[in-house]
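Peer 1: I have a structure here, written as structure tokens, and I will follow up with some questions on it.
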Amino acid sequence: MTSMMKAAVKLKAAPKSTEVRNVPIPAPTPSEVLIRVDIASICGTDVHIYDWDAWAAARIKVPLIQGHEFAGHVEKLGSGVTGFRKDDYVSAEGHIACGRCFMCRTGNAHVCKNVSILGIDRDGSFAEYMTVPASNVIVNDDDLPLDLATMQDPLGNAVYTVTNANVPGKTIAIFGLGPIGLMAVALCRGMAARTVIAIGHKNQYRMDLAKKVGASVVLRSGESLVDEVMDATAGEGVDEVLEFSGSEAAVQQAIRVVRPAGGIHLLGLFPKPLSLDISEFVTKGLSMYGIHGRLMYKTWMQMGGLLKSGNVNLKPILTHKFPLDDYNEAMGVMRSGNCGKVAFPMEA
């Protein structure tokens, strides 16, 4: 094993400014494992950092190796780590909870007040090697394809949202067809939703992907959307809405298309405060849920079972692969929106 590795490093507090460089391989602390990364994939958060928007400028300290979606093999154990072996096939929960705050101690580590995140607050997976706290490492089934293993972090967001909605037998509307929304479409189909209505905006590529992974109906957002959803549900509305777009208009439409006593499940983040018709929300007796991250580690156990079942058609969602040397080209594809997930298989 050499002492250096290839990594995509965000070097400056400015747009783009990421270079693929040779940097030292990190050494694991006594409570960490060193992982040899086999594949990593791009998250929307990585695009925010690449573009250096207001959120990134306020949160990110450079230099930084981004990335928190990955799969690989254990290379080395920290001196205090037990329960893992060299060459275990692993992924990891990207949120590192403190374990001490009120939320962690009451079973809500997914909203830990002191969370640190891989590839955001510490170096991540856009590299040949990375260190991860052993407490966050998940051992994958040996037969889980790398293309699916690398998507588990965002897939967990979708699994949490879909299971919170208890979808079997229900009619579901999904707003937002980015990669996580597409995963939710596939999950709803695989978990026996009665009807899956996928709602996109302008991106025909992703609307086509939604049909491929199991949407019953694909609609484009716009002034006629509410009427179209009501027509597709014989005037009844949908049982649950899953919101991934972060659009105020989508939430306003969600309140109108969900049936009385239905639920709205929000994963999307919104750039500004919303203006909503709360009176209709109240008179329809609706429920609204905020979804953040993954339930640690209940969601990972559910996700493992769903992946093993073979019932969820996720393979079409990973649409592009690039060598790490082509990092900037891969980011261009991701930013275009004409893709599903974009991944970096690491060179052997």
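The values are calculated or read from the model by the stated rules, or taken from the named source; none is laboratory data. Keep in mind it's a predicted model, so treat the numbers as computed, not measured. Using ideal geometry, Cβ is built from the backbone for each residue, glycine included, and neighbour counts are taken over all protein chains shown.
Peer 1: If you scan the stretch 195-223, which residues turn out to be assigned to a loop (DSSP other than H, G, I, E, B), more than 16 Å from C339 (Cβ to Cβ) and not aliphatic (A, V, I, L, M)? Spell out how you get there, then give the answer.
Peer 2: First pass over the stretch 195-223, keeping only residues assigned to a loop (DSSP other than H, G, I, E, B): 201-203, 213-216, 221-223.
With more than 16 Å from C339 (Cβ to Cβ) added as a condition, the list becomes 214-216, 221-223.
Of everything in the stretch 195-223, those that are assigned to a loop (DSSP other than H, G, I, E, B), more than 16 Å from C339 (Cβ to Cβ) and not aliphatic (A, V, I, L, M) turn out to be G214, S216, S221, G222, E223.
Peer 1: Need pairs with beta-carbon distance below 9 Å; first residue over 13 Å from K16 (Cα atoms) and within the stretch 50-78, second part of a loop (DSSP other than H, G, I, E, B) and of a type in the set (K, R); sequence gap 6+ or separate chains.
Peer 2: H73/K86; V74/R85; V74/K86; E75/K86; K76/K86; L77/R85; L77/K86
Peer 1: Would you say L177 is under 18 Å from the mean Cα position of the chain (by Cα), modelled with pLDDT of 95 or more and farther than 27 Å from T82 by Cα?
Peer 2: Details: under 18 Å from the mean Cα position of the chain (by Cα): yes; modelled with pLDDT of 95 or more: yes; farther than 27 Å from T82 by Cα: yes.
Yes: the conditions hold for L177.
Peer 1: Okay, moving on. How many residues does the stretch 169-178 hold that are outside any loop (DSSP other than H, G, I, E, B) and either closer than 14 Å to G262 by Cα or β-branched (V, I, T) (or both)?
Peer 2: Qualifying residue count for the region: 4.
Peer 1: What residue, of D141, D51, D121, D87, is farther than 27 Å from V333 by Cα and either buried (at least 18 other Cβ atoms within 10 Å of the Cβ) or touching a helix residue (DSSP H, G or I) at 6+ places or on another chain (Cβ under 9 Å) (or both)?
Peer 2: Details: D51 fails: farther than 27 Å from V333 by Cα; D121 fails: farther than 27 Å from V333 by Cα; D87 fails: either buried (at least 18 other Cβ atoms within 10 Å of the Cβ) or touching a helix residue (DSSP H, G or I) at 6+ places or on another chain (Cβ under 9 Å) (or both).
Just one listed residue meets the conditions, D141.
Peer 1: Hey, any hits in the stretch 2-13 for a residue that's of a type outside the set (A, V, I, L, M), under 27 Å from G181 (Cβ atoms) and at pLDDT 95 or above?
Peer 2: From the stretch 2-13, those of a type outside the set (A, V, I, L, M) are 2-3, 6, 10, 12; that's our starting set.
The next check asks that each one be under 27 Å from G181 (Cβ atoms); those that pass are 10.
Okay, now just the ones that are also at pLDDT 95 or above, so 10.
Scanning the stretch 2-13 turns up at least one residue that is of a type outside the set (A, V, I, L, M), under 27 Å from G181 (Cβ atoms) and at pLDDT 95 or above.
Peer 1: Surrounded by 20 or more Cβ atoms within 10 Å (Cβ to Cβ) and touching a strand residue (DSSP E or B) at 6+ places or on another chain (Cβ under 7 Å), is that true of V62?
Peer 2: Values: surrounded by 20 or more Cβ atoms within 10 Å (Cβ to Cβ): no; touching a strand residue (DSSP E or B) at 6+ places or on another chain (Cβ under 7 Å): yes.
Criteria not met by V62.
Peer 1: Exactly one of (1) more than 16 Å from the chain's Cα centre (by Cα); (2) surrounded by 14 or more Cβ atoms within 10 Å (Cβ to Cβ); (3) under 29 Å from N136 (Cβ atoms); (4) polar (S, T, N, Q) is unmet by S247. Its number?
Peer 2: (3)
Peer 1: With the condition being within 20 Å of S41 (Cβ to Cβ), I'd like the helices (runs of 4 or more DSSP H) fully within the stretch 64-168 carrying at least 2 qualifying residues.
Peer 2: Numbers: elements: 102-105, 146-149, 152-164.
Qualifying helices (runs of 4 or more DSSP H): 146-149, 152-164.
Peer 1: What single numbered condition from (1) in contact with a strand residue (DSSP E or B) (Cβ under 9 Å, 6 or more places away or on another chain); (2) assigned to a helix (DSSP H, G or I); (3) surrounded by fewer than 24 Cβ atoms within 10 Å (Cβ to Cβ) fails to hold for A184?
Peer 2: Of (1) in contact with a strand residue (DSSP E or B) (Cβ under 9 Å, 6 or more places away or on another chain); (2) assigned to a helix (DSSP H, G or I); (3) surrounded by fewer than 24 Cβ atoms within 10 Å (Cβ to Cβ), only one is false for A184: (3).
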